[in-house]
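The structure appears right after this line, and notes come after that.
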Amino acid sequence: MPERAWPEVLRLYCPAAWRMLTEAGISFEQWSSGRCEAVLCSRVGATANTELGGYAVFVVMDVPAVVAEVVGTLGAIPTFS
């Protein structure tokens with residue numbers, strides 16, 4: 001499927017996920033490139049995947065699991081000053 005078709009797929013076949021994006025003021029391009037809050041990105045992806053019949057079409061990140069892995073590896077969340 002051509003890349004240019006994905007925003008239309010999301011809009012037409014994933015109305016709840018599309019609504020989440022529009023209510024947050026996030027474009028499809030921002031969302032698909034990860035330029036939005038991580039929890040929102042994951043919720044939209046999970047919702048879209050559910051609306052598409054449970055297929056893992058869009059990336060979903062388990063934010064708490066990632067935080068736990070970083071803390072487990074580094075001992076804390078790094079801060080940069």
Exercise. Can you pull out the helices (runs of 4 or more DSSP H) entirely within the chain that have at least 3 residues that are among the polar types (S, T, N, Q)?
Worked result: 38-51
Problem set entry | Scope segment 43-64; condition among the aliphatic types (A, V, I, L, M) and open to solvent by 50 Å² or more (accessible area, probe 1.4 Å); matching residues | Ala56, Val57, Val59, Val60, Met61
Exercise. Regarding Leu10, is this residue open to solvent by less than 70 Å² (accessible area, probe 1.4 Å), of a type outside the set (Gly, Ala, Ser) and at pLDDT 95 or above?
Worked result: no
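The values are calculated or read from the model by the stated rules, or taken from the named source; none is laboratory data. Remember, it's a predicted structure, so these values are computed and weren't measured experimentally. With ligands, DNA and RNA removed, areas are computed over all heavy atoms of the protein, side chains included. Shrake-Rupley method; radii C 1.70, N 1.55, O 1.52, S 1.80 Å.
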